[in-house]
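Structure first, then comments.
The values are calculated or read from the model by the stated rules, or taken from the named source; none is laboratory data. No experiment lies behind these values; they were computed from the predicted model shown. We place every Cβ from the backbone using ideal geometry, glycine too, and count neighbours over all the protein chains shown.
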Amino acid sequence: MSRLLRLVPYLHARDQVSLEEAARVIGVPPPQLEQDLRVLFLCGLPGGYPDDLIDVDLDALEGEGVIRVSNADYLARPLRLTPTEASAIIVALRALRAGAEPDTREVVDRALAKLEDAAAGGSPFVDPGDDVPATLALRAELEEAVRRRRQVRLTYYVPARDEESERIVDPHAVVSHHGVAYLDAYCHSAEAPRLFRLDRIHDATVLDSEVTTEHTEPRDLSAGVFGGEEATRVTLRLQPEARWVEEYYTVEDVRPGPGGSSVVDLLVGDERWLQRLLLRLTPYAEVVEPAHFGDGAADAIRRALALYDHPAG
C-alpha cells in the first residue's frame, strides 16, 4: 500500500516512465513493481466500475517495458482530511496513547502534533482526556507488587457465582490474552494458582507482607486461559438458535450436526458458569458429555418453572 501511494503521484507527473527507472526511484526490484502495477489497475474509487478504476496500460508494460497510468487525478495531490476525518483520527490516537508503551507514545505524539498543527483553526476537537484509565493504573500497581514481591488483597467479581469475594493473593505476573489483562497469582483462599481478570478486580490493596509462594514464570496463555486440571472439556449440542456460541466464546472444536445443528467442544473452568450459559440457551442446547455437567442446569430450570406453578403471593 505504501509503495502504491508513492508510485501513483510519481507516475502521474510523467507521461510515461520505464519500468527499470521507476523501480530504481521507488526502491524495489522491477518484477515486484510489475506485480504492484497489476494490483494497481484493480484499485480506484468506490463503485468498481471501469471509469472508477485507475488505468494501467498493460500492453505498454508488457511490450515496451514502459509504464503509463491514467484516470488517477485524485491521487495526484497530497491527501487532505476534512475536519470531521481529522477529529476522528485525533480522538483515536489520543485514546491509543493512554494505553500505549512509552516508545509507542513517542510515535503517537509526533503524529498528533502534525495533525493538530495542520488542523489548527478548524473545529475544536473532542478530547477523551489524558488521564490514565483505571485499569491501566491498576495494572501498574499490580506490576509494582510483583516487582516488590508483596501480597495483594483483592475484591474480585466472580461471574460464575455472580458475587464479589475478597481474597489474599501472591502476585507473580500480569499477562495478556486476546487483549484482556490478567493477574497470574497464587490465591490463598483457593490454595491454588489462579488468573484474575483486571477488569473484574473492583479493589486492590498492596500489603506490606511478602509473598509466601515461589515466584513462577509468567503463564503461557497462547493455548487459552485454562489448562491442565483447571478446566474440563465439555461437549454441547447446539440447535441453530444457539450457534452464536461458536462465535462468541472460544471453542476447541465445531462439528456439523443434523438439521443445521452443531456439536462444539469448549473448556469450562467452573461448572456454575456452564449452568448460567445453559439457562440462557434453553431449550436450544444440551450437554453431550460429561453428562452430569448438565444436571445443575436442569435442576435450576425445574426450580424456575416451579415458580410459575407456585408464584409468590
Query raised in the report: Which fully enclosed strands (runs of 3 or more DSSP E) of the stretch 149-254 have 1 or more residues being in the same structural domain as residue 288 (by TED's automatic domain parsing) and modelled with pLDDT under 90?
Result: 232-238
Query raised in the report: Is the stretch 293-310 home to any residue that is exposed (fewer than 15 other Cβ atoms within 10 Å of the Cβ) and not in a helix (DSSP H, G or I)?
Result: yes
Query - Sole residue being assigned to a helix (DSSP H, G or I), within 30 Å of residue 137 (Cβ to Cβ) and either at pLDDT below 80 or not aliphatic (A, V, I, L, M) (or both), chosen from 94, 38 - result: 94
Query raised in the report: For residue 111, all conditions in the list (1) of a type in the set (Gly, Ala, Ser); (2) more than 22 Å from the chain's Cα centre (by Cα); (3) at pLDDT below 75 hold save one; what is the number of the exception?
Result: (3)
